Amino acid sequence: MADANPRPEPAPDGFTPWPKDLEERYIAEGYWGDRVLGDVLNRDVLRDDPDRTALVAGDERLSYAELDRRADRAAAGWLRLGVRPGDRVVVQLPNSAGFVVTFLALVRIGAVPVLALPAHRESEIGYLCELAEARAYVAADRAAGGDGAFDYRVMARTLPVEHVVIEGDAEEFTALADLDADPVEIARPDPAGVGVFLLSGGTTGLPKLIPRTHRDYVYNLEASAEVCGFGRDTVYLVVLPAAHNFALACPGVLGVFAAGGTAVLAPSGSPDEAFPLIERERATVCAVVPPIALLWLDAVSWAEEDVSSLELLQVGGAKFAAERAAEVPETLGCRVQQVFGMAEGLLNYTRLDDPRDLVERTQGRPLSPADEVRVVDADGADVAPGEVGELLTRGPYTLRGYYRAPEHNARSFTPDGFYRTGDLVRRLPSGHLIVEGREKDQINRGGDKVSAEELESHLLAHPAVHDAAVVGVPDAMMGERTCAFLVVRGTAPALAEIKDFLRQRGLAAYKWPDRIETVDTFPRTPVGKISKKELAARLA
Ligand code: OOB
């Protein structure tokens with residue numbers, strides 16, 4: 001393919017723009033407009049039905065007018081604190097009204113939220129604050145996160161940021177509730193500028209930041225809302241972390257606001273918490289990862305709640321087996337939609353009117369007519385139609401480069417700007433993709449992504465570990481779990497000791513290995529690399 005779009009130089013702020021010709025095309029063809037993320041609350045609803053419920057969170061119910069006002073007041077509060085347009089703010093909040101208000105406030109003033117997950121710990125948060133040169137860090141006072149009760153305030157004391165803002169009991173820090181002031185005139189951010197940073201699942205030693213511009217992310221969420229049929233009657237239950245791209249903008253909380261519907265925040269996807277909310281709020285749509293879908297398929301048989309309001313269950317983040325997808329309509333009484341997406345951009349959805357066979361067997365087709373997709377072999381040549389190859393993509397909402405990562409970018413993008421997804425797919429004549437596997441060195445643990453290299457580098461810091469290789473083990477519930485093969489010095493550490501060691505290093509619990517296996521040496525490939533294929537085969 002001719003190199004019609006040479007890679008533009010990254011801007012001084014580390015953001016790689018789209019080439020001029022594509023920018024002009026995306027504007028001319030209507031993919032990119034002037035809308036910014038702060039405008040996402042449906043304007044018609046704000047004008048003609050302002051009392052309509054936008055957000056339900058715990059005991060709070062916020063109308064469109066109220067949420068709009070709260071966001072403006074919080075925006076004024078952030079400005080008063082000294083946060084300016086372009087400043088980065090690491091946001092680590094649970095599914096709470098505080099998260100939604102904080103997100104809207106920051107994007108309205110043109111400050112850029114860096115969306116961390118509640119499960120992240122010192123290792124991830126410290127790194128993000130440094131990489132993004134964040135002015136501020138926002139978190140809840142404490143939470144459980146798979147590793148026991150955790151106090152974010154203790155971690156915050158060591159972070160290299162000027163302001164720490166805490167939702168709940170703030171102690172010596174700024175209380176989120178105090179970021180509240182009479183609304184002020186705000187300069188509109190540039191729609192072409194970076195609106196939000198998402199986190200990459202990661203295949204390298206450290207997580208990467210994904211810059212999403214206002215206009216590309218607005219397109220992402222509006223086009224998604226359209227494909228998923230969102231409207232004013234949509235009641236969207238949020239069970240995944242709202243800070244994750246899937247629950248935020250695919251179509252997610254932001255997509256439901258754009259459509260004029262209602263978002264209901266749940267603390268988790270556990271049937272005990274989610275089902276009563278579905279019943280009480282008459283929720284119509286929910287986005288889940290496969291392990292939650294499997295739990296729900298089981299739980300409906302004994303649960304007492306009425307979940308008959310559900311119309312659509314979106315399943316994505318990891319592959320959902322065709323056999324399970326086929327059970328959803330009868331068992332849960334709603335349609336199923338497969339979603340194969342990535343924080344980097346490209347989203348594939350099965351369509352609401354797709355034949356049953358495609359909905360069950362495929363992971364959907366690209367959202368946008370402007371998405372360009374190639375399926376290539378190891379030499380980068382297009383495979384024959386229907387053959388398996390690596391998925392490459394570029395388009396109006398797929399990044400052109402990670403933030404401040406020139407070496408990684410040189411490997412992750414082709415010279416003409418296609419993002420190498422590391423996913424192995426097969427494309428059907430209809431354009432639908434079937435995910436067949438993965439080339440990247442990552443474990444997909446029920447939708448949570450674990451970079452093998454990141455975990456290995458932590459394991460190597462353990463005094464008894466001489467060498468480490470991390471691979472996925474197939475698992476009926478999670479799809480995969482994480483196994484660490486270790487070459488040890490002296491006595492092999494027990495799994496509990498390794499977990500404790502990783503906890504002390506401040507690594508998020510979902511990245512801890514589920515299993516360890518000690519070996520004398522690693523099998524090698526002909527070129528001398530550790531053969532993870534062979535290690536994985538030993539587990540099968
Ligand atoms: C979503 O985003 P990320 O950034 O956490 O992870 C992206 C990766 C993909 O490259 C692929 O390896 C895997 O997750 N993946 C799937 C999948 N959906 C994502 N693999 C197989 N089948 C699927 N349906 O996971 C994400 C972002 C937006 C919407 C939905 C998921």
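The values are calculated or read from the model by the stated rules, or taken from the named source; none is laboratory data. Only a predicted model underlies this, so the values are computations on that prediction, with no experimental measurement involved. Counting neighbours? That spans all protein chains shown, and the Cβs are built from the backbone with ideal geometry, glycine included. Each accessible area value is taken on the protein alone, full model and side chains, heavy atoms only, with ligands, DNA and RNA left out. Shrake-Rupley method; radii C 1.70, N 1.55, O 1.52, S 1.80 Å.
Exactly one of these conditions fails for R282: (1) over 15 Å from N95 (Cβ atoms); (2) buried (at least 24 other Cβ atoms within 10 Å of the Cβ); (3) away from the ligand (no atom under 16 Å from the Cβ). Give me its number. Condition not satisfied by R282: (2).
Is it the case, given these coordinates, that D353 is among the acidic types (D, E), open to solvent by 10 Å² or more (accessible area, probe 1.4 Å) and either over 29 Å from G255 (Cα atoms) or without any contact (Cβ under 8 Å) to a residue 12 or more places away in the chain (or both)? Don't jump to the end; show me each part of the working.
Numbers: among the acidic types (D, E): yes; open to solvent by 10 Å² or more (accessible area, probe 1.4 Å): yes; either over 29 Å from G255 (Cα atoms) or without any contact (Cβ under 8 Å) to a residue 12 or more places away in the chain (or both): yes.
Answer is yes for this residue.
In the list A484, A452, which residue meets the criterion of being within 25 Å of L128 (Cβ to Cβ), in contact (Cβ under 8 Å) with a residue 12 or more places away in the chain, hydrophobic (A, V, I, L, M, F, W, C) and within 16 Å of the ligand (Cβ to nearest atom)? Steps first, answer last, please.
Working: A484 fails: within 16 Å of the ligand (Cβ to nearest atom).
Going through A484, A452 in turn, the sole match is A452.
Those residues that are open to solvent by 10 Å² or more (accessible area, probe 1.4 Å) and not aliphatic (A, V, I, L, M), I need them from region 387-401; list them, please.
Going residue by residue through region 387-401, those that are open to solvent by 10 Å² or more (accessible area, probe 1.4 Å) are 387-388, 390, 394, 400.
If the condition is that a residue be open to solvent by 10 Å² or more (accessible area, probe 1.4 Å) and not aliphatic (A, V, I, L, M), then E387, E390, R394, R400 are the ones that fit.
The one condition from (1) away from the ligand (no atom under 16 Å from the Cβ); (2) over 22 Å from P329 (Cα atoms); (3) of a type in the set (S, T, N, Q) that N245 does not meet is (1). Exactly one residue out of L332, L277 is away from the ligand (no atom under 16 Å from the Cβ), in contact (Cβ under 8 Å) with a residue 24 or more places away in the chain and closer than 20 Å to G479 by Cβ, and it is L332. Taken over region 353-400, the criterion of being away from the ligand (no atom under 14 Å from the Cβ), farther than 30 Å from R215 by Cα and not in a loop (DSSP other than H, G, I, E, B) is satisfied by R356, D357, D382, G389.
State yes or no: is G30 among the small types (G, A, S) and surrounded by fewer than 19 Cβ atoms within 10 Å (Cβ to Cβ)? In short, yes. In region 173-224, the qualifying residues are those that are in a loop (DSSP other than H, G, I, E, B) and small (G, A, S), and the one that is farthest from the ligand (Cβ to nearest atom) is A181.
From the list D377, D357, D353, D382, the lone residue that is outside the structural domain of Y217 (by TED's automatic domain parsing), out of contact with any Phe, Trp or Tyr (no Cβ under 7 Å at 6 or more places or on another chain) and under 19 Å from S430 (Cβ atoms) is D382.
Between V238, V154, V227, which is within 14 Å of the ligand (Cβ to nearest atom) and open to solvent by 30 Å² or more (accessible area, probe 1.4 Å)?
Details: V238 fails: open to solvent by 30 Å² or more (accessible area, probe 1.4 Å); V154 fails: within 14 Å of the ligand (Cβ to nearest atom).
Result: V227 is the single residue among V238, V154, V227 that is within 14 Å of the ligand (Cβ to nearest atom) and open to solvent by 30 Å² or more (accessible area, probe 1.4 Å).
For region 71-95, the set of residues classified as within 27 Å of D44 (Cβ to Cβ) and touching a residue at least 60 places away in the same chain (Cβ under 8 Å) consists of D72, R73, A74, A75, A76, N95, listed by residue number. May I ask you to verify whether P267 is in contact (Cβ under 8 Å) with a residue 40 or more places away in the chain, open to solvent by 20 Å² or more (accessible area, probe 1.4 Å), away from the ligand (no atom under 16 Å from the Cβ) and more than 26 Å from L46 (Cβ to Cβ)? Judged against the criteria, P267 is a match.
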